[in-house]
Amino acid sequence: MATMTEPTIDTAQLAHLQTWQGQSETLSDTLTATPIAALSATLDRDDPAPAPGTTVPPLWHWLYFLPHARQSEIGPDGHPKRGGFLPPVPLPRRMWAGGRLRWEMQGDGANPLQVGQQVQRTSTIQSVKHKAGRSGELLFVLVEHQYRNAQGLALTEEHDIVYRSAAQPGDPAPTPQKPPLEGQAAWSRTIVPDDVLLFRYSALTFNGHRIHYDRKYVTEVEGYPGLIVHGPLIATLLLDLLRRSLPGAQVLTFDFRAVRPTFDLHPFSVHGRPSSDGKSVELWAQDHEGWLTMQGTATLA
C-alpha cells in the first residue's frame, strides 16, 4: 500500500498561491496561415491552403498566443519557471486536465476567428484549489481566456490545469473506467502516437514540456511508463473526428476532461456518437486496453 507523503502545501502557502486569483493579462496575436497549414499536415488532412478569411477550426486557436519564455527562464520540466502569471505551485507534475469552450455569437450570427485577424486574448485566473488524492496532493488552477477580434468577443474558454505530487513507489494507479457509450460509436479512428507526431505538435504549440519528447525524463523523473500524448492534441483529434464525419458542422460549445494519461507505447482510438436530434455529439478516446482516457461533448448549431 502506498504511503502518503507529507503535504508540501500548508495553509499559509495555499493562501499565498490564492493571491493569484483575479490576476489578468492581455496579449495580442495575428492569426497567420502557416500554423493552420502545418497542423493540417500533422493531422494528415487534405485541406486547401488557408487563405485570409479562412475560419480557424475549433481548438486550432491553441496554435496562437504561444509562450515565449527566454531559454534562461525555462524550468527543469521544460516549462517556463513557476511564478509570473501562473502561481508558483511547488508540486512538480503539471497536466492539462480539461476545459470548456463557447464560440460566441455577435448580432445575428457567429463571430469566428479567421486567418488574417488581429486578436486579443485576456486571461484571468479564476480559482486556485487544493485537495489530497489517493496518490498525493493536487492543486487545480482554473484560467479563463476571452478572445476578441474586431467584431467583439469570439471565444470564451475555461482551462483546467492540475499540479500533482511527485511519483512515489507504490502509488495506486488511477481507477480505470470504460466509456459510457462503449460499443455504440457511430465514428471511430485509430491514432498511432509516434515520436514524430508528438514532436510536431509540441513544435507547433512551442511546448517545451519534456513529458512529451524526453523519454528518460518522463520515465525516470516523473515516473510515467512512456511519453505522454498531449491532452490538447487528443481533444483536437476528437473534434477532428467530428469534422471528418460531419463536414461543415458548426461547433457552438465543447466541454472535455482528461480521465487517464495516454502514452506513446500503443495506438489509441477516438470515437463519436451524435444525438438523435443532431444537436450534440458525444466524443471519447480510449487506450489500447479500451479504458476511457478523455471524454467530451460538443453542441452544434
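The values are calculated or read from the model by the stated rules, or taken from the named source; none is laboratory data. Predicted, not measured: the structure shown is a model, and the values here were computed from it. Cβ coordinates were reconstructed from backbone atoms using ideal geometry, including for glycine residues, and neighbour counts include every protein chain displayed. These accessible areas exclude ligands, DNA and RNA; they are computed on the full protein's heavy atoms, side chains included. Shrake-Rupley method; radii C 1.70, N 1.55, O 1.52, S 1.80 Å.
Regarding the range 170-193, can at least one residue be identified that is open to solvent by 40 Å² or more (accessible area, probe 1.4 Å), touching a Pro at 6+ places or on another chain (Cβ under 9 Å) and under 20 Å from L91 (Cα atoms)?
yes
Report the residue count in the range 55-107 for those that are assigned to a loop (DSSP other than H, G, I, E, B) and open to solvent by 50 Å² or more (accessible area, probe 1.4 Å).
Residues flagged as assigned to a loop (DSSP other than H, G, I, E, B) and open to solvent by 50 Å² or more (accessible area, probe 1.4 Å) within the range 55-107 amount to 10.
Checking Y224 against (1) open to solvent by 30 Å² or more (accessible area, probe 1.4 Å); (2) closer than 23 Å to A167 by Cβ; (3) at pLDDT below 95, which test does it fail?
(1)
Considering only the range 260-301, state which residues are open to solvent by 40 Å² or more (accessible area, probe 1.4 Å), out of contact with any Lys or Arg (no Cβ under 6 Å at 6 or more places or on another chain), farther than 28 Å from R164 by Cα and in contact (Cβ under 8 Å) with a residue 40 or more places away in the chain.
Correct list: R273, P274, T299, A301.
I need the full set of residues from the range 108-148 which are under 17 Å from P58 (Cβ atoms) and either among the polar types (S, T, N, Q) or surrounded by fewer than 14 Cβ atoms within 10 Å (Cβ to Cβ) (or both), in order please.
Scanning the range 108-148 gives G109, N111, Q114, Q117, Q146.
Looking at (1) surrounded by fewer than 19 Cβ atoms within 10 Å (Cβ to Cβ); (2) under 21 Å from the mean Cα position of the chain (by Cα), which is the only condition G22 fails?
Of everything listed in (1) surrounded by fewer than 19 Cβ atoms within 10 Å (Cβ to Cβ); (2) under 21 Å from the mean Cα position of the chain (by Cα), G22 misses just condition (2).
Looking only at residues in the range 32-59 that are hydrophobic (A, V, I, L, M, F, W, C) and in contact with a Phe, Trp or Tyr (Cβ under 8 Å, 6 or more places away or on another chain), which one is nearest to L155 (Cα to Cα)?
L59
What is the residue count in the range 242-259 for residues that are farther than 18 Å from P176 by Cα and open to solvent by 50 Å² or more (accessible area, probe 1.4 Å)?
7
For (1) closer than 30 Å to K216 by Cβ; (2) of a type in the set (S, T, Y); (3) assigned to a loop (DSSP other than H, G, I, E, B); (4) modelled with pLDDT of 95 or more, each residue gets a yes or a no:
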| site | (1), (2), (3), (4) |
| --- | --- |
| T124 | no, yes, no, yes |
| E137 | yes, no, no, no |
| R148 | no, no, no, yes |
| A173 | yes, no, yes, no |
| T190 | yes, yes, no, yes |
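Please state which one of M105, M95 is over 18 Å from the mean Cα position of the chain (by Cα), of a type in the set (A, V, I, L, M) and modelled with pLDDT under 90.
On inspection, the qualifying residue turns out to be M105.
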